[in-house]
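The structure under discussion appears below in the form of structure tokens.
The values are calculated or read from the model by the stated rules, or taken from the named source; none is laboratory data. Keep in mind that what you see is a predicted model, and the values were worked out from it rather than measured. Here the Cβ is made from the backbone with ideal geometry for all residues, glycine too, and neighbour counts use every protein chain on show.
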Amino acid sequence: MTTDGYRPIILLLGPPGAGKGTQARFLHDKLAVPHIASGDLLRAHRRRGTALGNAAQAYMDRGELVPDQLVVDMVMDRLERADTVRGAFLDGFPRTLSQAQVADQLLAARRSVVRVALYLEVPTEVLVERIAGRWLCPSCQATYPSHSSAPPGNGRCVACGDQLYQRADDRPEVVQNRIDVYLRETLPVIEHYARRDLLVRVDGNRSIEAVRTTLCSNLGGVVRGLRHNHWHVYFSDQFRADDGRSDWRGRTLCGRHVDSRSSRERGSEDDFRAHPCRRCQLELRARQGPIPDAPVLPTAQPQHT
Ligand code: AMP
């Protein structure tokens with residue numbers, strides 16, 4: 001099947017605490033396509049007390065997965081919104097093989113296709129530690145680490161000033177279950193995308209900046225500057241690494257348009273690390289702001305089965 005002209009979908013996969021939310025804010029900023037996190041959508045339903053929110057509550061509190069049909073309907077409904085016309089990236093979805101198979105079919109019917117599945121890998125003991133010290137902003141979903149039981153700083157979000165909170169399902173006894181469920185249910189999803197040659201494994205147990213660099217180079221690449229002997233990282237317009245493509249174009253983090261016609265030399269992450277463009281590097285180091293379009297409820301309520 002040729003998928004040219006299909007709406008590109010990027011998947012962000014990984015266990016709870018792998019840093020998906022943190023990286024999602026960066027990708028959202030740079031790619032200007034919506035970040036759709038199934039967990040955030042479900043929490044928004046719960047806050048509003050919708051039928052879906054009420055149905056999901058008990059599963060979420062136990063760290064279990066919400067039934068496939070409810071989640072698939074919810075995410076597909078979100079993809080009907082006009083802001084997804086250039087594509088979207090999905091965070092925390094699909095979580096089961098059945099969700100992945102149904103999603104593949106429903107996406108194809110909407111002339112959309114998964115271009116790449118980015119899988120953030122982090123050892124389990126690091127996940128448990130990260131989640132135990134995680135505080136969140138209810139308004140913009142920013143996350144903050146704390147090394148004590150108290151919230152970090154003055155307990156308020158640096159970006160929007162809201163009071164930070166800890167998720168009920170981040171309690172240690174629930175976290176272990178969420179990780180177990182993840183390993184049982186979601187690893188087949190990883191294999192599913194690996195078989196389709198769409199999976200990119202990313203070591204998530206590194207600094208935020210290092211993970212961002214790897215994500216960029218897998219959603220575009222590294223090119224040498226024309227005037228200076230340094231390297232830029234760029235996002236491809238295809239939302240996929242341009243490896244092997246003779247025609248490619250994209251935009252560097254420092255804001256330059258680059259394409260195959262300017263016969264730029266392509267490089268690796270190591271090249272970038274050795275001689276980085278300072279402005280690209282600043283972008284990779286920048287503290288991430290809030291996601292402006294925090295989850296909005298879908299227009300129609302999914303049917304419960
Ligand atoms: P998250 O914010 O991604 O950690 O998700 C929080 C909770 O929402 C999970 O523990 C599940 O109960 C539920 N959830 C989120 N995404 C899905 C999904 N794709 N399938 C089923 N349940 C989900």
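The number of residues in the stretch 233-262 that are more than 22 Å from the chain's Cα centre (by Cα) and closer than 20 Å to residue 273 by Cβ comes to 2. For the stretch 127-155, the candidate set comprises residues that are β-branched (Val, Ile, Thr) and at pLDDT 85 or above; within that set, the residue that is surrounded by the fewest Cβ atoms within 10 Å (Cβ to Cβ) is 128. Could you go through the stretch 41-56 and let me know if any residue there is within 30 Å of residue 236 (Cβ to Cβ) and not polar (S, T, N, Q). Yes, the conditions are met somewhere in the stretch 41-56.
Residues are listed down the side, and each one gets a yes or a no for (1) free of Cβ contacts under 8 Å to residues at least 40 places away in the same chain; (2) not in a loop (DSSP other than H, G, I, E, B):
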residue	(1), (2)
222	no, yes
251	yes, yes
264	no, no
271	no, yes
284	no, yes
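Across the stretch 45-76, the number of residues qualifying as away from the ligand (no atom under 12 Å from the Cβ) and farther than 21 Å from residue 21 by Cα comes to 5. Criterion applied to 32, 82 was being at positive phi, more than 9 Å from the ligand (Cβ to nearest atom) and surrounded by fewer than 20 Cβ atoms within 10 Å (Cβ to Cβ), and the one residue passing it is 32.
Residue 223 meets each of the listed conditions (1) within 22 Å of residue 130 (Cβ to Cβ); (2) surrounded by 17 or more Cβ atoms within 10 Å (Cβ to Cβ) apart from (1).
Each row is one residue, and each column tells you yes or no for (1) within 16 Å of the ligand (Cβ to nearest atom); (2) in contact (Cβ under 8 Å) with a residue 12 or more places away in the chain.
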| residue | (1), (2) |
| --- | --- |
| 86 | no, yes |
| 90 | yes, yes |
| 93 | yes, yes |
| 140 | yes, yes |
| 145 | no, yes |
| 156 | no, no |
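Only one of the numbered conditions (1) touching a Leu at 6+ places or on another chain (Cβ under 9 Å); (2) more than 10 Å from the ligand (Cβ to nearest atom) is not met by residue 108, and that is (1).
Evaluate the following for residue 24: is it at negative phi, in contact with a His (Cβ under 8 Å, 6 or more places away or on another chain) and within 11 Å of the ligand (Cβ to nearest atom)? Taking the combined requirement at face value, the residue satisfies it. Contact annotation: residue pairs with Cβ atoms under 8 Å, 6 or more positions apart or on different chains, pairing a residue in the stretch 23-43 that is closer than 21 Å to residue 210 by Cβ and of a type in the set (A, V, I, L, M) with a partner that is modelled with pLDDT under 90 and crowded, with 20+ Cβ neighbours inside 10 Å, are 24/291; 31/239. Only a single item in (1) in contact with a Phe, Trp or Tyr (Cβ under 9 Å, 6 or more places away or on another chain); (2) more than 8 Å from the ligand (Cβ to nearest atom); (3) modelled with pLDDT of 95 or more is not met by residue 38, and it is number (2). The requirement of being at pLDDT 85 or above, of a type outside the set (D, E, K, R), more than 13 Å from the ligand (Cβ to nearest atom) and not in a helix (DSSP H, G or I) is fulfilled nowhere in the stretch 168-190; no residue meets it.
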